[in-house]
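Since the structure comes first, as structure tokens, the remarks are kept for the end.
The values are calculated or read from the model by the stated rules, or taken from the named source; none is laboratory data. What you see is a predicted model; the values in this text were computed from it and never measured. Neighbour counts run over all protein chains shown; Cβ positions are idealised from the backbone, glycine included. Calculation scope for accessible area: heavy atoms of the full protein, side chains included, ligands and nucleic acids excluded. Shrake-Rupley method; radii C 1.70, N 1.55, O 1.52, S 1.80 Å.
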Amino acid sequence: MTKIRKARIEDAAAIEALYTELEKDAVMYQSEHFVMSPEGARARQLEEILKSDNQTMFVAEECAEGAGAAVSVIGFAHVVFIGAKAVSC
């Protein structure tokens, strides 16, 4: 069963691993636009996101059935709230 929840600092290693996988793919296919983040950079970024008033991060975790079953973070979404530009419709 997949569950969505707000990220916690304990998720930092799993989020770092997912970002690394994403960045490797991006660098492989579009190296002119992407570079690899230094190790630990995304975990430090998560700390800042969790302290922020205009950002949040959600994780998707896969929960195995049964008592004491393993839970693993399988995805994430980083949300940033910004003001809309004053544009007339």
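Observations on the structure shown:
- Those residues of region 37-63 which are free of Cβ contacts under 8 Å to residues at least 40 places away in the same chain and small (Gly, Ala, Ser), in sequence order: SER37, GLY40, ALA41, ALA43, SER52
- Within the chain, strands (runs of 3 or more DSSP E) holding 2 or more residues that are polar (S, T, N, Q) and in contact with a helix residue (DSSP H, G or I) (Cβ under 9 Å, 6 or more places away or on another chain): 55-63
Condition check ((1) among the aliphatic types (A, V, I, L, M); (2) more than 17 Å from the chain's Cα centre (by Cα); (3) closer than 20 Å to ASP25 by Cα) across all residues:
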residue	(1), (2), (3)
SER37	no, no, yes
ALA41	yes, no, yes
LEU46	yes, no, no
THR56	no, no, no
VAL71	yes, no, no
ALA84	yes, yes, no
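- Considering only residues in region 38-67 that are of a type in the set (Gly, Ala, Ser) and open to solvent by less than 40 Å² (accessible area, probe 1.4 Å), the one that is nearest to VAL80 (Cα to Cα) turns out to be SER52.
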